[in-house]
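The block underneath contains the structure these notes are about, expressed in structure tokens.
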């Protein structure tokens, strides 16, 4: 072993040192980036014998950092909901539900009164249908207005976003990989050029003090330094700095408008959608309060429908029937709540409105704030990425002894 580490290689092998260092720099950066994001699930024998991408492994923590450091900078939850234009949402819900109201009303009344409703005179049923139809616009607008006023009590925003990103780790990866595509390509490619420069230094060192031990030693240095340099060039300097004819600034920061466009498109179409807002309110941690809000506004609709039925129909209602009818309306209301919001075209239309709002805010951010969109999620585990590069470089240097120099 010692003989391998200290024996003198042939001159042509020495000449390959800079190129080999460049390949090691490129490879260690490439594999480090791959191992940061992949695999999505633990591959191997849990808990220690195997690997899971750094970002997917800490999905919940990363998602919480994303909410606290990124989303909170772009506006409050009520602002986001207001940006979706609740009045437009209300019109859409009315348009979708209106043609189905008779069917929904029949379902409710048959579940509550059975054959009594089926045998009811046509004009009586028409009056009930008409009363429900008249009350629908008021119901929808009142519910959405109430939601807007008490949104922070009804919606656990962090829970909504974290749950989405933890359930779909590939989406969490995309927030980084698509927004920072050029930066990750730079991280990989720069390993080759930085590695070559370190290889030239290594060759000069070898001429002064020969020794194969330098291969793993420099491999470790190249793997560590190329990752460290590349990461710092992505986010530093914050402000443009002129050096001779060149204007230097962190690569991520120079692309603020491009990054804003990609990042906002993903966030508004796959995380902050109208459908997810409403579903999270009704089924999330505060769902009981949201459902109670709907039921409170629904009661006048029931009263209006019964009033329209007339004295004869009301006299046929036995004790407890009113409660059963009301509960049937409540169940039906929850059942159909999501229907109007499943429309992909409508969700995309609302997403485009919110996207414009968020994009404008991101483009106007100073560099210090803009870098915080992605930097906090990376910063905590940057040392892992750098250390991974160093270990891989060391292993590549050892392999170089056996496969190239031996």
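The values are calculated or read from the model by the stated rules, or taken from the named source; none is laboratory data. None of the values given here were measured: they were computed from a predicted structure. Ideal geometry is used to build each Cβ from the backbone, glycine not excepted, and the neighbour counts take in all protein chains shown.
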- Query: Does residue 387 meet the test of being under 26 Å from the mean Cα position of the chain (by Cα), at pLDDT 75 or above and more than 22 Å from residue 206 (Cα to Cα)?
  - Reply: no
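Yes or no: segment 307-325 includes at least one residue that is under 39 Å from the mean Cα position of the chain (by Cα), part of a helix (DSSP H, G or I), buried (at least 18 other Cβ atoms within 10 Å of the Cβ) and modelled with pLDDT under 90.
no
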- Item | Qualifying position, being modelled with pLDDT of 90 or more and either part of a helix (DSSP H, G or I) or over 20 Å from residue 264 (Cα atoms) (or both), among 140, 201 | 140
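Looking for whichever is touching a strand residue (DSSP E or B) at 6+ places or on another chain (Cβ under 9 Å) and modelled with pLDDT under 90 here; the options are 35, 62. Which one fits?
Values: 62 fails: touching a strand residue (DSSP E or B) at 6+ places or on another chain (Cβ under 9 Å).
Only one candidate passes the filter, namely 35.
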- Failed condition for residue 209, given (1) touching a residue at least 12 places away in the same chain (Cβ under 8 Å); (2) more than 28 Å from the chain's Cα centre (by Cα): (1)
- Residues satisfying the stated conditions in segment 326-357, i.e. buried (at least 19 other Cβ atoms within 10 Å of the Cβ) and out of contact with any helix residue (DSSP H, G or I) (no Cβ under 6 Å at 6 or more places or on another chain): 337
- Could you list, in sequence order, all residues of segment 242-257 that are modelled with pLDDT of 85 or more and farther than 13 Å from residue 182 by Cα? 257
